[in-house]
Amino acid sequence: MEYLYLTIFFVFGSVMGSFYHVIASRLSKGKSIISPPSHCENCNHYLKWYELIPIISYLIQGGKCRKCKAKMPISYILMEICTGILFAVCYHVFGYSLQLIVALIFVSSLIIIIISDIEYMIILDEVLIIAIFSIIVVDIIDIGLYETAFKVASGLGSFITMILIKKIGDIMFKQESLGGGDIKLMFLVGLVIGYPMSICNIFFATFIAFPIALFLLIFKKDNIIPFGPFLSMAGIILYIWGLNFSDIINFLIN
C-alpha cells in the first residue's frame with residue numbers, strides 16, 4: 001500500500017510540476033496563467049489532452065511539438081520528474097499530516113522559483129507571498145500561534161541576515177552582489193527550516209553554486225549567475241533531510 005501512495009504522489013507531483021513550469025514562465029512574462037490554453041511557443045498550436053500527459057507525452061513526441069516539430073525545452077520533463085520525486089519523498093518523510101501540506105507548499109514554491117530565476121532571472125513576489133501566508137496559516141492550525149510566531153521570527157532573522165550579507169557583498173565587489181528576490185526568499189526559507197539552519201542554507205547554497213559558477217565564468221564568460229536556484233535547492237535538501245543545527249555542529253566538531 002505504501003508503494004501505491006508513493007506512486008500516487010509521484011504522479012500528482014509530475015502533473016503539478018508541469019503546471020509550475022507554466023506558472024513560472026507566464027508570470028515572469030506578465031501573462032495570465034489561465035488564458036490562453038497550453039500551446040506551442042513556436043507555432044501557437046493548442047495542445048490536446050494527450051499532448052499534456054506529464055513525462056509520457058514528452059517522451060512519445062521525442063521532446064518536439066507534434067505539429068511544427070520544434071524542440072521543447074528539456075526543463076519541462078526535468079521539472080515534471082523532479083517534482084514527482086520530491087512530492088513522493090515529502091509523503092515518505094511526513095506521512096499524512098499537516099506538515100506534509102507545509103512541505104508540499106514549500107517544495108512547490110521553490111521549484112517555481114528555480115525555474116523563473118534560471119530562465120528569466122526573476123524571483124516572483126506572488127509565489128513568495130502565497131507560500132509564506134499559506135504556511136503560516138497551516139502552522140497556526142497545526143502547532144499553534146505561539147510556536148508559529150517563533151517561526152515567523154526566524155524568517156525575519158533570515159531576511160535581516162541576508163540584507164547584511166548583501167551590504168557586505170556590495171562593498172566588497174563594488175556592485176550589486178545579491179538581488180532583492182534572494183533576500184525575500186530567505187524569509188521563506190527561515191520560516192520553514194528555522195534561523196540557525198537558514199544560515200547553514202546560505203553556506204550550503206554557496207558550496208553547491210561554486211563549481212557551477214566557476215564553470216560558467218571560465219567557459220561561458222557569464223558573470224550574471226542567479227543565486228536563488230541554489231538557495232532553493234539547498235533549502236529543499238536541508239528540509240527534507242531533517243538536519244538541525246546541533247547535528248551540523250556535532251559533525252564539524254567530531
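Worth a mention:
- Filter result (exposed (fewer than 14 other Cβ atoms within 10 Å of the Cβ) and farther than 25 Å from Val11 by Cα) within the stretch 58-69: Cys68, Lys69
- Comparison of Ser97, Ser154 shows that the only residue that is closer than 20 Å to Tyr239 by Cβ and either within 14 Å of the chain's Cα centre (by Cα) or surrounded by 14 or more Cβ atoms within 10 Å (Cβ to Cβ) (or both) is Ser154.
- Taken over the stretch 1-28, the residue count meeting the criterion of being closer than 17 Å to Tyr76 by Cα and loosely packed, with under 14 Cβ neighbours inside 10 Å is 0.
- Among the residues of the stretch 89-131, those identified as outside any helix (DSSP H, G or I) and closer than 13 Å to Leu188 by Cα are Ile123, Leu124.
- Beta carbons closer than 8 Å, at least 6 apart along the sequence or on distinct chains, pair a first residue in the stretch 38-57 that is closer than 17 Å to Val11 by Cβ with a second that is outside any helix (DSSP H, G or I) for Leu52/Ser38.
- When each of Asp117, Asp139 is tested for being assigned by TED's automatic domain parsing to the domain that holds Met186, buried (at least 21 other Cβ atoms within 10 Å of the Cβ) and either over 14 Å from the mean Cα position of the chain (by Cα) or under 17 Å from Met233 (Cβ atoms) (or both), the lone residue that passes is Asp139.
- Filtering the stretch 137-190 to residues that are touching a Lys or Arg at 6+ places or on another chain (Cβ under 7 Å) and more than 22 Å from Ser109 (Cα to Cα) leaves only Ser177.
The values are calculated or read from the model by the stated rules, or taken from the named source; none is laboratory data. All figures in this text were calculated on a predicted structure; none of them were measured in a lab. We place every Cβ from the backbone using ideal geometry, glycine too, and count neighbours over all the protein chains shown.
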